[in-house]
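Each remark here refers to the structure printed beneath this line.
Just so it is clear, none of the values below were taken in a lab; they were calculated from the coordinates. Note that the structure is predicted; figures quoted are calculated from it, not measured. Don't worry about glycine lacking a Cβ; one is built from the backbone with ideal geometry, like all the others, and counts go over all protein chains shown.
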Amino acid sequence: MDSTELNCEIIENNENMRKVIAAINMTLDGVCDHTVGIVDEKLHQHYSDLINNGGVILYGRTTFELMKFWQTLLQNPSGKKSMDDFAISIDKIQKLVFSKTLKDTSWESAKISDKPLNEKLIELKQQAGKDILIGSRSLIIELLNSNLIDEFQICIHPIIEGKGLPLFDQIKEQIILKLINTKILDSGVTIFYYQPTTDKTTNR
C-alpha cells in the first residue's frame, strides 16, 4: 500500500474531516459542457449559497478560464443582483487550479496547485476549514475513480441536448449513490444531493 492509498483509508475512517462536494450542471441526457442550461436568478442564488459555505473550490484549466468571466462583473456590475452577488462570491472563495500548461491565474484569489489532484485533495482534507468544492468535469471523473468524493450535488436542467460532452465518462467501476435530498427551482431545474455508497449490484 502506497502513501496515497494509506491516506485514502485514513480519510474514509475520519468523519470529522472536511467534506468534498462535487457540484455541477447537467442536462437530462447527461451533457455537461457549460454552454447549455436554464440560468436564472434562483440558479445563481443556489450556487452563491453553496460557494459562500465552501472554503475552496477546485477547477481544471478549461472551467477556470470560463469562470474568469465573473471577474469582469466586479469592475462592471451587470445590474442584476443575483449575477453580481455570484461574482462577489466566486471572487472571495479560494480557487485552486490543476493545469500543466497554465502559468499564471491572473486572479488574486486563485492559484495553481503545486501537487497532483489526489495528493492535494488529501492534504486539504486533513486541514481545518470549510468544505472543499469540485467544479470541473475532469476533476470529478478523476476523484470518482479514486473514491474521494463525499457528496454530489447534480443540478439537472430539463433539457435534452442530444449532443455535447457527457458528464460521466471513463468511469472505471460502477458507483451506487444514496439520495439524501432534492431541491426544485421554479424553472424546473432540480438539484439532486447524493452520497456514494460501498454497495455493488450483482449481474444476473
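Taking 31 Å as the cut-off for C-alpha to C-alpha distance, list the pairs among LYS111/LYS178; LYS81/LYS103; LYS163/LYS183; LYS80/LYS130; LYS92/LYS172 that go past it.
LYS111/LYS178; LYS81/LYS103; LYS92/LYS172
Which whole-number percent is the relative contact order of the chain (Cα, under 8 Å, 6+ apart)?
Reported as a whole number, the value is 32 percent.
For the chain, give the magnitude of the charge dipole about the Cα centre (Cβ charges: +1 Lys/Arg, -1 Asp/Glu; no others), in debye to the nearest 20.
200 debye
Under a 10 Å cutoff between Cα atoms, tell me which one of THR190, THR72, THR101 has the largest fluctuation in the Gaussian network model of the chain.
Fluctuation is largest for THR101.
Using the count of nearby Cβ atoms within 10 Å as a rough guide to exposure, how do GLU123, GLU108, GLU142 rank from fewest to most?
GLU108, GLU123, GLU142
Just the number: Rg to Rh for the range 19-196, Cα atoms, Kirkwood Rh, two decimals.
On the Cα set of the range 19-196, Rg over Rh gives 0.94.
Give me the net charge for the shell around VAL31: Cβ to Cβ below 12 angstrom, other residues only, Lys and Arg +1, Asp and Glu -1.
-2
Out of ILE141, ILE21, GLY79, whose Cα points farthest toward the positive end of the dipole of the chain (charges: +1 Lys, Arg; -1 Asp, Glu; placed on Cβ)?
Of the candidates, GLY79 comes out farthest on the positive side.
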